[in-house]
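Only one structure is covered here, and it is reproduced in the block below.
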Amino acid sequence: MEVSSALEERAKKDFRVFVWAIFKHFLWDVQKDPTPVQYDIAGFLAGHPATHKVIMAFRGIGKSYIAALYCIWRLWDDPTLS
């Protein structure tokens, strides 16, 4: 599935757009769109200035999945991160 360059640029700048694009283009058969809680987690990961973060939520919310997408998003921006 082809992703437009405009969407790609927005996804590089905003992690929540990246999460939406992953759900829309790769997970459409599992879950159509991220939930509001998943968007909140994404916003916290990308927007909170702390380097050590803790996310607490009920089981099944998607914490690990959103955290993994955050790692992918950061590496997409800067592949030299370690």
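The values are calculated or read from the model by the stated rules, or taken from the named source; none is laboratory data. None of the values given here were measured: they were computed from a predicted structure. Cβ atoms come from the backbone with ideal geometry, glycine included; neighbour counts cover every protein chain shown. Protein only, heavy atoms only, side chains kept; ligands, DNA and RNA dropped before computing areas. Shrake-Rupley method; radii C 1.70, N 1.55, O 1.52, S 1.80 Å.
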- request: Please give the solvent-accessible surface of H25 in Å², to the nearest 10, using a probe radius of 1.4 Å with every protein chain present.
  value: 40
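With every protein chain kept in place and ligands, DNA and RNA left out, what is the accessible area per residue of the chain? Probe 1.4 Å, answer in Å².
On the way: 6040 Å² over 82 residues.
On a per-residue basis, the chain sits at 74 Å².
What percent do you get for the relative contact order of the chain when only Cα pairs under 8 Å and 6+ apart count? Working shown, then result.
Numbers: 51 pairs, mean separation 23.6, N = 82.
29 percent.
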query: Between G43, A68, F58, whose Cα lies farthest towards the positive end of the dipole of region 26-82 when Lys and Arg beta carbons carry +1 and Asp and Glu beta carbons carry -1, centred on the Cα centre?
result: F58
query: For P(r) over Cα pairs in 10 Å bins from 0, in percent, the listed values are (i) 18, 56, 24, 2; (ii) 17, 52, 28, 4; (iii) 21, 51, 25, 4; which was obtained by calculation from the structure presented?
result: (ii)
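Would you mind telling me the share, in percent, of accessible area of region 1-48 contributed by carbon and sulfur at probe 1.4 angstrom?
Working: 1830 of 3170 Å².
Carbon and sulfur together cover 58 percent of it.
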- request: With r as the distance between the Cβ atoms of C71 and D33 and R0 = 22 Å, compute the FRET efficiency 1/(1 + (r/R0)^6) and round to 0.05.
  value: 0.55
query: Can you give the charge dipole size of the chain about its Cα centre, rounded to the nearest 20 debye, using +1 on the beta carbon of Lys and Arg and -1 on the beta carbon of Asp and Glu?
result: 300
task: Note down the nm distance, to one decimal, between modelled labels 7 Å out along Cα→Cβ at S5 and at M56.
output: 4.7
